[in-house]
Amino acid sequence: TLEGISKTAKVEESAKPQGPALEVGGTESGAIRKIVWKGAIEIAKAYPLFGSGVETFAYSYYRFRPVEHNNTSEWDFLYNKAHNEYLNYLANTGFVGLGTYMLMIGLFFTNVIPNLFRDPLQHSKKMLKQVQHDRDNLLIIALLAAYISILISNFFGFSVVVVGLYFFLIPAF
C-alpha cells in the first residue's frame, strides 16, 4: 500500500522529462508574457506620467524585472518590447502616451461608426446614391474589421513596422 504509492510516485517522477528547460520544451509563452507584463506595469508605476522614454523598454525592464522571470527557460533573453503594445506604450511613454494612443483609437471609432448608419435616401437621385452608399459601407466595414484585428493582435503582441503603418493609415483612409 504505502510501498505501492511510493513506487507510483517514483515512476511518475521518472516519467517527467529531465534536463535543461530549453531542451525539455521551455516555459509556456503565456506564462512568460504575464511575467513581462508584470514588469511593464512596474515600469509604468515608477514613471507614470511620461514613461521611461521612447523605445527604452530593453533598458528599463531589467531594473523592474520580476524575480519569477529567473525561473523561466528564457531567463537570459533580452526583452525590448512588453509583448503587449498597450503596456509597451504605458511603460515607454506613460499615461500621456497611452492616453493619446487610446484617444486616436476612440476618435477613429467615433468618426467611422456614424458613417455606417447615415441615410443615403435623403438625396434626389436615390438609386445611384444607394449603390454608392453600399459600396462605401463595404469599404468602411472592411477597414473597421482590419483595424479591430490590429487592436486585438496588439494586445497579445507588439506591432511590427507594417502593422504600425496600417494602424495609422487605416484612419487616414
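The values are calculated or read from the model by the stated rules, or taken from the named source; none is laboratory data. All of these numbers come straight from a predicted model, not from anything done at the bench. Note: ideal-geometry Cβ built from the backbone for every residue, glycine included; neighbour counts use all protein chains shown. Each accessible area value is taken on the protein alone, full model and side chains, heavy atoms only, with ligands, DNA and RNA left out. Shrake-Rupley method; radii C 1.70, N 1.55, O 1.52, S 1.80 Å.
Among the conditions (1) more than 18 Å from F109 (Cα to Cα); (2) assigned to a helix (DSSP H, G or I), the only one that S159 does not satisfy is (2). Within segment 59-108, work out how many residues are in a helix (DSSP H, G or I) and either more than 20 Å from E28 (Cβ to Cβ) or among the acidic types (D, E) (or both). The qualifying residues number 29. Restricting attention to segment 62-89, the residues that are buried (at least 19 other Cβ atoms within 10 Å of the Cβ) and modelled with pLDDT of 90 or more total 5. Note on segment 41-58: residues that are open to solvent by 90 Å² or more (accessible area, probe 1.4 Å) and either in a helix (DSSP H, G or I) or without any contact (Cβ under 8 Å) to a residue 24 or more places away in the chain (or both) total 1. Residue pairs whose Cβ atoms lie under 7 Å apart, separated by 6 or more positions or on different chains, with the first residue in segment 21-39 and more than 25 Å from G51 (Cα to Cα) and the second at pLDDT 90 or above and part of a helix (DSSP H, G or I), do not occur. A9 fulfils the conditions (1) open to solvent by less than 50 Å² (accessible area, probe 1.4 Å); (2) at pLDDT below 90 except for a single criterion, (1). Scanning segment 91-106 for residues that are open to solvent by less than 20 Å² (accessible area, probe 1.4 Å) and in contact (Cβ under 8 Å) with a residue 40 or more places away in the chain gives A91, N92, G94, G97, I105. Number of residues in segment 107-122 that are at pLDDT 90 or above and open to solvent by 30 Å² or more (accessible area, probe 1.4 Å) equals 3.
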